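The values are calculated or read from the model by the stated rules, or taken from the named source; none is laboratory data. Note that the structure is a prediction, hence the values are computed from the model and not measured. When we count neighbours, we look across all protein chains shown, and the Cβ atoms used for this are built from the backbone with ideal geometry, even at glycine. Heavy atoms of the whole protein, side chains included, go into the accessibility calculation; ligands, DNA and RNA do not. Shrake-Rupley method; radii C 1.70, N 1.55, O 1.52, S 1.80 Å.
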Amino acid sequence: MCEWCYKHGAGKKWYLNSKNYLEETAEAVGAHEYIYELWKHFEKVYLQKIFGISTRGPGYKFSIPVVGRAIKWYISSWFTKEKPLKGRSPRRAEGHPGQVVPLGDAQQVLELADPILKVNCACRHMTRGIEDPCCLAFGALAEMVPKLPRYIPERGAEQLHVDEAKDFVEKMNRGGRVNTVWFGPVPYIAALCSCEYPECAATRIRLDYGLNALYKGEYVAKVDFSKCTGCGTCASRCQFGALTFTDAMNRPFIDAWKCYGCGLCVTACPEGAIEMVDRTAFPALKDEW
Amino acid sequence: MKTDIIVDYDKCGDPRECKKCLQICAPALFLLYSPDDESDDPDIWRVDVAFTDLCTRCGDCVETCPKEAITLV
């Protein structure tokens, strides 16, 4: 379990604690104002505030000796800030990370959330200029959507029933999208997204620049070699570069250090040879989030 | 090699009508960006280039731009 599970999980995985979806929690952490400011200026937050002055070539900035490392450490510390709950700056993306969840957990999250609204993906709007309704917004975020017209799909803000939403995330998962829960500010949970590299803002920041905008999931994928036939279906599914298909053995190899526990390889495997194991089952990965 | 992707905004105009550079760039380096700070549904959008350090200089954006607004430096 990650640090948040101990603090906000009530003995469970922290995103499965129903308290984190309540209106009272939203008000206690000032989620309404925070979310409105964050989503109103989503492009601004992404482009300017996360990397300090500007995102133009952050890789070059981070490679400056000593100074670059200090900037990187400072920005990274924003994502794990929890206090003060009120008065955080939404324009600096403080405390707005997400966490990868496998399909089963994503569906359990939907059972706790109410209402569920299907909205346009902010990241895809920003990076590709398209309107793709693939994000599910809950509670405070769902209330904010009518005030933010560019996130309303063409067919109008569509409220989904739990079962429809479950089918929807499954469809997204089969299509190769990573299910992620988003919270802002911690521990209030506001959305379940279907992310994809490189369009997803947080995945890009995490994978290319190593900043903790997206947390790894609570699981790690493991291959059962007695069931694996070496068909290679899983090979193209991993977006995190954790799964490689070794030709000599005709078997997939999963690098547990790189695995985000999204479970895309699990849902792809026709033999059911890959399973999700708790991250804590690997002592070396205990603090790797 | 350090790359800079320069967009001529006088030639580019409103990127929402064209979006060719946004959609052809495989590593998604181009972003729709609102220079207006206050508006929540702004009519002024422009293409900005972030993450120039990830550019592979494939030149697809330069070739695809119908208004020849993009240059690689």
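Heavy-atom accessible area with a 1.4 Å probe sorts A:Met172, A:Met249, largest first, into A:Met249, A:Met172. Using R0 = 35 Å, the C-beta based FRET efficiency linking B:Asp60 and A:Glu154 works out to 0.75.
Dipole size in debye (nearest 20) for the stretch A:212-274 around its Cα centre, Lys and Arg Cβ +1, Asp and Glu Cβ -1? Don't skip to the end; give the middle numbers.
Details: 6 positive and 5 negative charges, 14 e Å.
Around 60 debye, computed over the stretch A:212-274.
Computed with every protein chain present, the accessible area of A:Lys81 is close to 80 Å² [probe 1.4 Å].
For the stretch A:139-289, the square roots a ≥ b ≥ c of the C-alpha gyration tensor eigenvalues yield an a/c of 1.5 or more together with a/b exceeding b/c, which makes the shape prolate. In the stretch A:126-153, which residues give up 40 Å² or more of accessible area once the other protein chains are added, compared with their chain alone (1.4 Å probe)? Buried on complex formation: A:Met126, A:Thr127, A:Arg128, A:Gly129, A:Arg150. With all protein chains kept in place, the per residue accessible area of the stretch A:128-202 amounts to 36 square angstrom at a probe of 1.4 angstrom.
Taking a ≥ b ≥ c as the square roots of the Cα gyration tensor eigenvalues, with a/c under 1.5 meaning rounded and otherwise prolate when a/b beats b/c, else oblate, which class fits the stretch A:8-47? Numbers along the way, then the final one.
Working: a/c = 4.28, a/b = 1.99, b/c = 2.15.
Because a/c hits 1.5 or more and a/b fails to exceed b/c, the stretch A:8-47 counts as oblate.
Against the criterion of solvent-accessible heavy-atom surface with a 1.4 angstrom probe, A:Glu37, A:Glu154 sort, most first, into A:Glu154, A:Glu37.
For A:Cys231 and B:Tyr9, the FRET efficiency from 1/(1 + (r/R0)^6), where r spans their Cβ atoms and R0 equals 56 Å, is about 0.65. From its DSSP helices (H runs of at least four residues, each -39,500 (n - 2.57)), chain A gives a residue-normalised ellipticity at 222 nm of -8500 deg cm²/dmol. When chains A and B come together, the accessible area they lose, probed at 1.4 Å and totalled over both chains, is close to 2600 Å².
Ranking B:Phe51, A:Phe282, A:Phe253, A:Phe42 from most to least accessible surface, computed with a 1.4 Å probe over the protein chains only, gives A:Phe253, A:Phe282, A:Phe42, B:Phe51.
For chain A, the dipole from Cβ point charges (+1 on Lys and Arg, -1 on Asp and Glu) about the Cα centre works out to 1140 debye, to the nearest 20.
Loop sites only, by DSSP: take the trypsin sites (Lys or Arg not before Pro) in chain B that have at most 13 other C-beta atoms within 10 Å and name the longest stretch containing none of them. The longest such stretch corresponds to B:3-56. Under the combined filter of DSSP loop state and at most 14 neighbouring Cβ atoms within 10 Å, the stretch A:255-289 retains these GluC sites (Glu not before Pro): A:Glu271, A:Glu288.
For the stretch A:195-289, lysine pairs separated by 8 or more sequence positions, or belonging to different chains, with Cα-Cα distances below 15 Å total 4.
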